[in-house]
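The block underneath contains the structure these notes are about, expressed in structure tokens.
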Amino acid sequence: MMATGSVKILLIEDNLAEARLLQEFLKQAQSKDFSVVHVQRLQNALQELTKDRALCSYDVILLDLTLPDSEGLSSLPTLIDYAPKLPIVVLTNTNDEALAIEAVRQGAQDYLVKRQVNVEVLVRSIHYAIERKQVLESLRTTNKTLETRVEQRTAELVKAQEINQFKSEFVSMISHDIRNPLNTILLAAGLLQNSDDKLTKEKKSSHFQMIRSAIKNMAQLLDEVSLIGQADSGKLHCELISIDLQNFCRYLIEEAQLTTGEKQINLVFTSVGEFRDALWDENLLRHILGNLLTNAIKYSLPGGTVKFELIGQEQAIAFRIQDYGIGIPEPDQKRLFQPFQRAENVGSIPGTGLGLAIVKKCVEAHGGEILLESKEGVGTTFIVVLPLLSL
Ligand SMILES: Nc1ncnc2c1ncn2[C@@H]1O[C@H](COP(=O)(O)OP(=O)(O)O)[C@@H](O)[C@H]1O
Ligand SMILES: [Mg+2]
């Protein structure tokens with residue numbers, strides 16, 4: 001290439017006398033060494049360029065526009081296609097300058113009228129063509145880089161917009177969910193203050209109970225929101241300790257039983273398989289299983305059964321929580337792992353729609369996966385599979 005000192009030229013010219021003359025001129029040039037490979041047809045030129053593809057040893061092409069196997073400008077696009085980075089100087093006869101100009105328009109770097117060529121003109125044109133092509137190439141690369149950058153930037157902006165939108169939805173959902181219990185508190189407190197002497201002991205106690213449970217709801221909402229915040233900012237760490245899983249699950253069931261109240265849910269715990277020593281994050285496990293059990297109970301009908309199965313496998317543990325409650329309509333199933341999403345069949349059953357989002361994040365933090373199988377009106381099964389971790 002240019003930098004190595006000599007300039008390598010592919011000369012495509014069917015007229016032997018003219019080819020010889022051009023080679024003679026190049027020999028006479030003092031400023032640089034020129035080496036010329038001469039072919040007489042376009043086909044041979046294409047073969048030569050294919051052979052040279054790996055080396056890319058040519059610096060420039062001199063192309064006669066009247067070849068036996070290609071008339072006029074038709075050889076130009078083919079050549080550019082074969083060697084897009086090589087500058088081309090076209091050679092024309094005196095009477096077809098218009099054609100030459102059109103060639104430049106279509107991608108040649110320069111043209112020479114054969115009868116007017118001398119050493120100086122030829123050398124200058126070759127240098128000019130090489131320089132011009134290099135500038136073009138670097139412009140093209142810059143353009144490409146700019147285009148990619150614009151694309152990346154646009155993608156970032158779209159993402160940022162989505163996050164912003166999500167954040168404002170998040171905030172409005174939280175405000176809404178906090179306003180409800182606040183109203184309850186306001187109302188109950190007002191009743192207690194204004195009609196103190198008219199209220200029976202039972203009524204008073206029921207108003208106080210309403211206030212307490214509204215406060216409990218808000219506290220739970222705040223806990224859940226802060227947990228999701230932690231997960232989103234990557235702060236949901238796994239602190240692994242050794243846990244007796246069967247005992248841990250039995251304890252969770254007892255806790256859940258306390259919340260079933262008048263609903264009379266029949267909770268059944270079983271465990272199968274091997275439970276080798278493995279390490280778990282107690283907090284994550286509690287969020288995962290606690291939320292799934294609470295849901296199973298909450299969305300069961302009174303007197304229903306909830307099954308909790310612990311399945312020990314070679315490399316993993318599966319937790320299977322099954323109920324025979326209201327089920328989840330198929331179209332809702334996918335989105336329920338997003339915050340604030342609830343299925344359309346929940347009716348008046350209270351909830352924030354944050355539980356499954358938390359479960360999913362905790363499962364991911366533990367390197368596991370969660371599966372959902374449900375049929376509306378029949379029941380729901382969640383299966384969580386967590387890998388056995390060790391330090
Ligand atoms: N066991 C289940 N049976 C029926 N529907 C369920 C069950 N678990 C979850 N869902 C549906 O998924 C939604 C999201 O659950 P979750 O995030 O825990 O929120 P929520 O606070 O509403 O319980 C619920 O509102 C409900 O529509
Ligand atoms: Mg829930």
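The values are calculated or read from the model by the stated rules, or taken from the named source; none is laboratory data. Since we're looking at a predicted model, the values are computed, not measured. Positions of Cβ are backbone-derived with ideal geometry, glycine not excepted, and every protein chain shown enters the neighbour counts.
Key figures for this structure:
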read-out: Count - residues of the stretch 85-105 that are at pLDDT below 95 and part of a loop (DSSP other than H, G, I, E, B); value: 5
read-out: Number of the condition not met by T270 [criteria: (1) surrounded by 13 or more Cβ atoms within 10 Å (Cβ to Cβ); (2) in contact (Cβ under 8 Å) with a residue 12 or more places away in the chain]; value: (1)
read-out: Residue in the stretch 299-322 that is β-branched (V, I, T), over 24 Å from Y251 (Cα atoms), within 14 Å of ligand 2 (Cβ to nearest atom) and modelled with pLDDT of 95 or more present; value: no
read-out: Candidates L289, L236 - the one that is more than 16 Å from ligand 1 (Cβ to nearest atom), out of contact with any His (no Cβ under 8 Å at 6 or more places or on another chain) and either among the aliphatic types (A, V, I, L, M) or in contact (Cβ under 8 Å) with a residue 24 or more places away in the chain (or both); value: L236
read-out: Within the stretch 350-390, considering residues that are within 11 Å of ligand 1 (Cβ to nearest atom) and of a type in the set (V, I, T), the one surrounded by the most Cβ atoms within 10 Å (Cβ to Cβ); value: T380
read-out: Residues satisfying the stated conditions in the stretch 33-57, i.e. of a type outside the set (K, R) and closer than 17 Å to L76 by Cβ; value: V39, L42, Q43, N44, A45, L46, E48, L49
read-out: Within the stretch 37-74, tally of residues that are of a type outside the set (K, R), surrounded by fewer than 16 Cβ atoms within 10 Å (Cβ to Cβ) and assigned to a loop (DSSP other than H, G, I, E, B); value: 6
read-out: Any hit, the stretch 315-335, residues being within 30 Å of P181 (Cα to Cα), in contact with a His (Cβ under 9 Å, 6 or more places away or on another chain) and not hydrophobic (A, V, I, L, M, F, W, C); value: no
read-out: Positions within the stretch 335-365 being part of a loop (DSSP other than H, G, I, E, B) and over 21 Å from Q322 (Cβ atoms), in sequence order; value: Q338, P339, F340, Q341, E344, G347, S348, P350, T352, G353, L354
read-out: Test: residue in the stretch 143-162 that is over 30 Å from F340 (Cβ atoms), of a type in the set (S, T, Y) and not assigned by TED's automatic domain parsing to the domain that holds Q220; value: yes
read-out: Residue that is surrounded by the fewest Cβ atoms within 10 Å (Cβ to Cβ), among those in the stretch 208-242 that are of a type outside the set (S, T, Y) and assigned to a strand (DSSP E or B); value: I241
read-out: Conditions (1) more than 12 Å from ligand 1 (Cβ to nearest atom); (2) assigned to a strand (DSSP E or B); (3) hydrophobic (A, V, I, L, M, F, W, C): number failed by I321; value: (1)
